[in-house]
Each structure stands twice: as structure tokens, then as C-alpha cells.
Amino acid sequence: MDIKKIIKNDLYDVLKDYISFDQIILEQPKIKTMGDYSIPCFWYAKVLHKSPNDIALFIKERINSNNYQKIDIVNGYLNLTISDKLLNDCIREMNCHEKFNLAMPTKTELFILDYGGPNVAKPLHVGHLRTAIVGESIKRIIQYMGHKTLSDVHLGDYGLQIGEVIYGMIRDNKKIEDLDISYLDYIYPEMNRLCKDDESIKQECADITKKLQDGNSLYYSYFKKIRDISIADIKKNYDYLSVNFDLWQGESDAYQYLKPVENILEKDNLLIKSDGALVVEVASDDDKKPLPPLVFKKSNGAYLYASTDLATIYERVTKYNPDHILYVVDNRQDLHFEQVFRVSDKASICDKSKLEFLGYGTVNGSDGKPYKTRSGDTPKLENLFKQAKEIFISKKETNKDMSEEDIDKIVNAILKFADLENARERDYIFDLSKFSDVVGKTGPYILYTYLRINKMIKNSNINTLTDIIYNDVDRDLRFKIVNLVYALNNAFGERKPNYIADYLYELCVLTNVFYQNNHLNNLSDEIKKNDWIYVLTLTNKIIKQLLNLLVIDIPTIM
């Protein structure tokens, strides 16, 4: 039962001779005493040829009054306070039906999600945190809303860094069978530094990369080992974050589709020679700023990220025929994906309307710049996990006695909630000490609320609810519960988990206020006690489900 839809239906029954259903405007007053919802009647003055107050009176005299316990007219607004019975009917519906009676889509669609994007031969660092967490959460939200998903990590596995590592291994006489993650942690930054200092070495690494891409068997054997070791390390970090992928493909997998894509571009006369390279013009007359052409193939015959991204779209459309392809990537790749999407659309590889760029901001330090360690390096992800553990354990003496599993779940909550409470496109300041607090808008606060309420309702089996609401605090919590659907719809529609994080935090605040003002333990009124346990049980069901959508597991204690 959708409260807003019920109210809109009531209003439409009154106004259907004058306006369409879509023209009904419903607002939520900022001042609590003004009611639950308001109708700004001045919008309809021209249609009904009445003053806003007269329109409000017209509606008040005809609306289904059984659904409202209070109807007021104030300055051209019709203010409605929904009845206790309607509120409790909605709560019962939510509690008795799967997914809180959320409406499922009439058509199930397939969403391919491209997130993760780590480069092999490099350790995951804090910058990989956002794409993994945001992407995983969006995937879970889409699934919860009744659609199918296919997730792909899309590894960066055929770029210059591979040539650099192969060059380093040959230089160091490093045997393929002796390669391990500690060597990769050393050799990539070492070679990266050398390439910056010596252009000739950089060129040799580029030549190795090109030969690898052209099928050199020796270099491919190096590449295969580097990729396998890297994936094992990457999976270890993603497993800790409960981030999972259906596909572990990368740029290298797209190479077999480059020629078919090139043939399509040639057939449509989209490829243009420019200084020996092949490019595709993507600019449009209505662009507000210049948009450079997409470089499909360099003058030396090498392909680029844009080429393999186009080939990957071609592969996904050919194999899976998705309704949507979503890219959870850094905001700074906006131009790149705009070029790729336009070429895909022009070549009829995939309609641009099916391709979504879901940009995210950077994780910054207190100076507002991308988060670094004291030494100036971007911290490795597993070192960040250790740091979060140490800070949480230091918060309270008893924390050190918790199980490793529970601590890991809390560390996940610290990192994930801190990230997901921010709109994905925004940068945010990374402050582990603040994120670890059990007060304020933090993961530990949400977990603490759930465990506190769970202890109170444990072993309760209440399955009936009266139509009584006992006080304002009680009503505030119930009203928040029935507004769950809007947080879920917004999170799904805009691909933004922060709507769920915001709702979850507000729900927990109201739950704690309820707990502090309504003392269940010593309550002798059994009807009231049962009603409150019913409401709190539903509240905790919602908290648990929303935590799952935010990729957060619940520990046993805190």
C-alpha cells in the first residue's frame, strides 16, 4: 500500500473532471504541525476558476474522509493528516508481504553492471573502494526491485603496465613460475618510475605491450601468469568487502571483437584518417563545449581503451542483449564514456539510451585532495582494512575481545556506510576515526540500533496490530516505515544508494527516540506492548534488508 498513491487516488476521485492523475501535486510540509501532506491548490485555480481556498474547501467537502483524521485549509493549501487506521493498514500490508509489499515491475529487465575496473599487476588501493562498494550496492538494489543483473569486473589487463612488468621480469631474470604478488607489488612502481625517467625504456615497454596484443606467445605466457596472480589478490580484497562478480573479463577478452567493430565503423563510413590514426567524429551541433573525436586506432596500429570499450559493448549486446549497461566509474572518465557512447549509438552497436555513465567522486583526505598516506602514497586497500580495525578496537576496551568475524563486519560497515551515505557523484572527506563512532551518521550507529532492538524483541512472536497509535514518537516511527518505498524507488531510479543510507539513518534515529521514550520492559499494558513489539519487529526487518542492500552484514555483538 503506497500512502501517496492512496491520497492521490482520493484527490483524483474529486478532481477527475478537471485534471489528469499526473497533474495531482502532493507535497510534504516542512512544519510537522501542518500535517502529513499538502495540496497546493493555487495550481488548479485557472482550471477550476476558483480561488485556492475555495478549491481546498471543494476538495475537503468531497474527499474520502475515512482516510484522514485531520483536514485543514491554510493559505490556499489543503493539509491532510492520514488516519491511524490507514497508517496501520499500510504497516500490516508491509509486514505480511514479501519485500514489504513493494510493487514489482511488469517487465523484468537485464542490467549489465561494469564496476571494479582494477588494473592487473597493481595492488588495489583506496581509490578502488568506491567503485566496488557503489557498484555492488546498485546491483543489489536493482535485483531487489525485481530485475536481473550481470556484473563484470572488467579488468584493465592489456595496457602499458603489463608491458612494464614483463620488461622488469626479463630484466631481473625472473622466471614465470617464481612470480608472486610480492614481486608484482615491487616491480610495477619500480618500472613506472623508470619509464617516467627514461623515454627509451618506456618505448620498449610499449613495444612489448603491442607485441602482446598482436599475439606474441612468449609475452602471453608472462601475461597469463601476471593476470592469474593479480586476480587471486584482487578477489581476496573483494571477498573481504563481499563484492562479487558474475564475469571476470577484461580488455584482453574484448580483442577478438575489435575487428568486427572496426568493420562496422568502416561500413558506416565513420572512420576517418587523422595523422595516420583512425578516428571517429562525435561532436554535435548542440554541444556546449568542444568534443574531440574518439581515437579508435593509433598510427602504429595499436588499439586504445576506447576501442576495447566499444568492443566490449558489442560483445555484451551480441551475447546477452541487455536492456541497460551501467558503468560505475570515476567522474573524470565522463568525456571518455561520452565519446564511446556516441560512437556506439552512431554505429548502431547499442542505442545510447541503454548506456548509463554512473560517475563517482574521489575519496579525499582532510586537505580536500585524493586520500594519501603520510608518505604521500595512495594506501593499499588491505592496509586500509587493518587501519580501520585498529581504530575501532581502540575506541573501547571491550572491542578487543570481539571475534575476528564480528570485527570484520563492523569494519565493513564503517567503510561502506561512510561511502554510501554520500551521493555517488560527490567527493567526500575520509575520516576513519569519525566513521568508527557509534553515535552520529555512521555504520556502527546503524548496527548498534539493530542489535539493541533485536535484543528487546528476541523470541517475540507477535502477529497482530491494533489501529491505535499511542503518542507522537510512536506515530513518527510508523510514518517513517510506510515511506520506505520512496527511498527504494529513488535509489533505483537514480542509481544512488545514498537514498537508502539516508532513510536508514533517519529510521534508526526515530527508533532510538522511540526506545528512549516508550519503555517496553516494565510495560504492564499487554495490548500496547504487543503493538510496539510488532512495530519494532518490522523496523528491524527493514533495517536488516537495507543493510544488505548497502552490502553490510550484521555482527552478533557490539
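Annotations for the structure displayed:
- Label-point gap, in nm, between residue 1 and residue 175 - each point 7 angstrom along Cα→Cβ: 7.4 nm
- Here segment 205-338 has 48 percent of its accessible surface on carbon and sulfur atoms, given a 1.4 Å probe and all protein chains in place.
- The distance from the alpha carbon centre of segment 439-514 to that of segment 125-146 is 22 Å, rounded to a whole number.
- Solvent-free Debye calculation, one equal scatterer per alpha-carbon of segment 172-260: log10 I(q)/I(0) at 0.10 Å⁻¹ equals -0.34.
- Of 97, 80, 113, farthest towards positive along the dipole that unit charges on Lys, Arg, Asp, Glu beta carbons give segment 75-114: 80
- Here the chain is described by how far its Cα atoms reach on the three principal axes: 83, 64, 41 Å, from widest to narrowest.
- Taking every Cα-Cα distance in segment 1-46 and sorting them into 10 Å bins starting at zero, the pair-distance distribution P(r) comes out as 25, 54, 21, 1 percent.
- The length gained on full extension between residue 194 and residue 398, counted as 0.36 nm times the residue separation minus their Cα-Cα distance, comes to 68.6 nm.
- Converting the Cα gyration tensor eigenvalues of segment 20-129 into ellipsoid dimensions via √(5λ) gives semi-axes, longest first, of 44, 21, 16 Å.
- With 22 Å as the limit, the listed pairs 8/30; 259/346; 389/434; 8/529; 32/70; 8/354 have 8/529; 8/354 beyond it between alpha carbons.
- Cα centre as origin, Lys/Arg/Asp/Glu Cβ charges: the chain dipole, Debye: 720 debye
- Gain in span if fully extended, residue 106 to residue 439, counting 0.36 nm per residue against the direct Cα distance: 115.7 nm
- Once the Cβ-Cβ distance of residue 473 and residue 348 is raised to the sixth power relative to R0 = 60 Å, the FRET efficiency obtained is 0.55.
- Model label zone, residue 64; criterion: amide N under 19 Å from point 7 Å along Cα-to-beta-carbon; scope segment 452-475: 467
- Per residue value of the accessible surface for the chain (all protein chains in place, 1.4 Å probe), Å²: 47 Å²
- Shown is the FRET efficiency for residue 506 and residue 286, computed with R0 = 35 Å from the Cβ-Cβ distance and rounded to the nearest 0.05: 0.30.
- Computed with the Debye formula from one identical point scatterer per Cα of segment 378-453, without solvent, the log10 of I(q)/I(0) at q = 0.19 Å⁻¹ comes to -0.79.
- Using equal-weight Cα scatterers in the Debye expression, the normalised intensity of segment 298-354 in log10 at q = 0.20, 0.28 Å⁻¹ is -0.77, -1.27.
- Tilt relative to the chain, helix 334-346 - C-alpha long axis, 0 to 90 degrees, to 10: 90 degrees
- Over 24 Å between alpha carbons, listed pairs 224/369; 148/380; 85/541; 174/211: 224/369; 148/380
- Compactness of segment 425-466 is given as radius of gyration and Dmax, 16.1, 46 Å, from Cα positions.
- Cross-link partners for residue 267 among the aspartates and glutamates, with Cα-Cα distance under 16 Å and sequence neighbours closer than 8 places in the same chain left out: 281, 345.
- Segment 182-268, dipole about Cα centre (Lys/Arg Cβ +1, Asp/Glu Cβ -1), debye to the nearest 20: 200 debye
- Across every pair of non-identical alpha carbons in segment 409-558, the mean reciprocal distance, once inverted, gives a Kirkwood radius of 16.1 Å.
- The chain: relative contact order as a whole-number percent, Cα under 8 Å and 6+ apart: 14 percent
- Mean separation of Cα contacts under 8 Å, 6 or more apart, over the residue count of segment 317-432: relative contact order %: 30 percent
- Principal-axis tilt of helix 381-395 within the chain, Cα atoms, nearest 10 degrees: 40 degrees
- Rounded percent of accessible protein surface that carbon and sulfur make up, segment 489-540, 1.4 Å probe: 44 percent
- Taking all protein chains together and rolling a 1.4 Å probe, residue 120 ends up with roughly 0 Å² accessible.
- Rounded to 0.05, the FRET efficiency of the residue 458 and residue 323 pair, given R0 = 35 Å and the Cβ-Cβ distance, is 0.25.
- For segment 118-197, the share of accessible area belonging to carbon and sulfur comes to 50 percent (1.4 Å probe, ligands and nucleic acids excluded).
- Here the relative contact order of segment 439-521, from alpha carbon pairs under 8 Å that lie six or more residues apart, stands at 36 percent.
- Stokes-Einstein translational diffusion, segment 191-311 - Kirkwood Rh over all Cα pairs, 1.567 mPa s, 4 °C, in µm²/s: 75 µm²/s
The values are calculated or read from the model by the stated rules, or taken from the named source; none is laboratory data. Predicted, not measured: the structure shown is a model, and the values here were computed from it. Methodologically, a virtual Cβ is constructed for each residue, glycine included, from the backbone with ideal geometry; neighbour enumeration extends over all protein chains shown. For accessibility, only protein heavy atoms count, side chains too; no ligands or nucleic acids. Shrake-Rupley method; radii C 1.70, N 1.55, O 1.52, S 1.80 Å.
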